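Below is one structure, written out as structure tokens; comments come after it.
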Amino acid sequence: MAELRIAVVGGGIGGLAAAAFLARAGLACTVYEQAAALGEVGAGLVASPNLVRLLRRLGVLPEFLARAVAIDVGWEFRRWADGGVLSAENLAEACERLYGERTYTVHRADLLSVVQAAVPPAAIRLGAKCVGVEAADDGAVLSFADGTTTTADVVIGADGVHSTVRGALLGPSPATFSGLCAFRALVPAADAPAFALRNAHTLWLGPDHHLVHYPISAGKLVNIVAFAPAGEDVVESWSATASHAQFAAEFEGWDPRLRELIAAAGTPGRWALLDRAPLARWSHGPVTLLGDAAHPMFPFFAQGAAQAVEDAAALAVCLATDATDPARALRRYESARRERTARLQTVSHERAHLNHLPDGPGQQARDAALSGQDPLAANAWIYGHDAELVP
């Protein structure tokens, strides 16, 4: 098993999780990351029980808990104009009882660092930009920007939404402009209003917009992510920014407390949300995809990172139990993962419309429905899933 040559393209959360789970299964791999140093752009994310139980199995939960925030109140939906609470869930009491783990929030860079701790340092090659992948008789050949090549028995494309591996495997996969953009910003806890410092995952819903906030980095920061009409801006990049005035203008007239939180934020990131339909397949021979390279999804169910780590866990199981036939193992992996991730892509897409209803009968019906829902129990298919129980 240790002689199987496995190449992971991309050193983000999904790529490092693949390396960590492969190492746990006794399989060596090499992670090829184009950057000169490992790091995550962006800001916070929600770590739901289906992700946390996998971190526990990697043996990195103590490090994670030192950096994360345990969420006591989740899905706290508030009305845009006055902050009236439409619905809230007591996660402190119910989450662990239902799913065996709590829900946390964490900075993306902290999660990356935690997962990296489970990867052998020698497995990571930095400054290695993959520019092409070609199937060969003895596996696949990877080409790099510096002119070098390497051959692998298995290639795992974990190189994100603009994946080079996906392009080589499936050809161009154009995205559809969603009409929405996302703002992201961080607020130091010392500058944040008191209501934003609670261990709560809060969503403010309003016409054509919604805004989410929660503490991260062991409570030292408050993460903000907000969604608004994008106008003519179709840049899809974690590094794109907007002015503070642009961000504040999108929420003019909202509850003064929320505008106080926005005023305390640093320079916001801003990028367009581009839509991609689920892929009919994402493996061919010795090459497969993982995470956003396979199934990019809107962030409205907060499952992007969790699904990448689930992919990694399932892929390691498949390769470890069928190392003599990697192509068959990859087909099994795809079969185990494709329906679930496609369903999450679909429900995440549908949520955008519901969150952005204008005031009126539709909004009133949504608000009434929220007050009678139990999202923690209703989403058992997400949070109770064990990715290592591969059919």
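Here, each number is a calculation from the coordinates, and none is a lab measurement. Being a predicted model, the structure only gives us computed values, none of them experimental. All Cβ positions, glycine included, derive from the backbone under ideal geometry; neighbour counts span all protein chains shown.
A few notes on this one:
- Highest-first arrangement of 193-201, 44-52, 210-218, where packing means the average Cβ count within 10 Å: 44-52, 210-218, 193-201
- Full-extension gain in nm, Thr324 to Ala245, via 0.36 nm per residue minus C-alpha separation: 22.7 nm
- Karplus-based coupling profile of the stretch 132-142, in residue order and whole Hz: x, 9, 10, 5, 9, 4, 9, x, 9, 10, 9, with θ = phi - 60° in 6.51 cos²θ - 1.76 cosθ + 1.60 and x standing for Gly or Pro.
- Full extension of the chain between Ser335 and Ala36 gives 104.2 nm of extra length, using 0.36 nm per residue less the Cα-Cα distance.
- Under the span-like rule (Cα at least 24 Å along the axis, Kyte-Doolittle mean at least 0.5), DSSP H helices of the chain: 304-321
- Burial order of peptide ranges 266-274, 362-370 (average beta-carbon count within 10 Å, highest first): 266-274, 362-370
- Put simply, the convex hull of the Cα atoms in the stretch 1-99 casts, on average, a shadow of 9.3 nm².
- In this structure the amide hydrogen of Val31, modeled in the peptide plane, comes within under 5 Å of the amide hydrogens of Val8, Ile124, Arg125, none closer than 5 places in sequence on its chain.
- Rounded to 0.05, the FRET efficiency of the Ala66 and Arg24 pair, given R0 = 22 Å and the Cβ-Cβ distance, is 0.55.
- Summarising the label geometry, the points placed 7 Å from Cα in the beta-carbon direction at Arg351 and Thr151 lie 4.5 nm from one another.
- Simple spin-label estimate for Gln373 and Arg125 gives 4.6 nm between the two label positions (7 Å along the Cα-to-Cβ direction from each Cα).
- Over all directions, the projected convex hull of the C-alpha atoms in the chain averages 18.3 nm² in area.
- One compactness figure for the stretch 303-377 is 1.65, namely its Cα radius of gyration divided by 2.2 N^0.38 Å.
- The distance linking the stretch 139-190 with the stretch 28-88 is 21 Å (Cα centroid to Cα centroid, whole angstrom).
- For Asp275, residues with placed amide H under 5 Å, excluding near neighbours: Thr176, Phe177, Ser178
- Stretch in the chain that is longest and holds no GluC sites (Glu not before Pro) that DSSP places in a loop and that have at most 10 other beta carbons within 10 Å: 4-231
- With the helix formula -39500 (n - 2.57) applied to DSSP H stretches of n ≥ 4, the chain reaches a computed 222 nm mean residue ellipticity of -10500 deg cm²/dmol.
- Extension gain from Ala175 to Ala189, taking 0.36 nm per residue of separation minus the Cα-Cα distance: 1.3 nm
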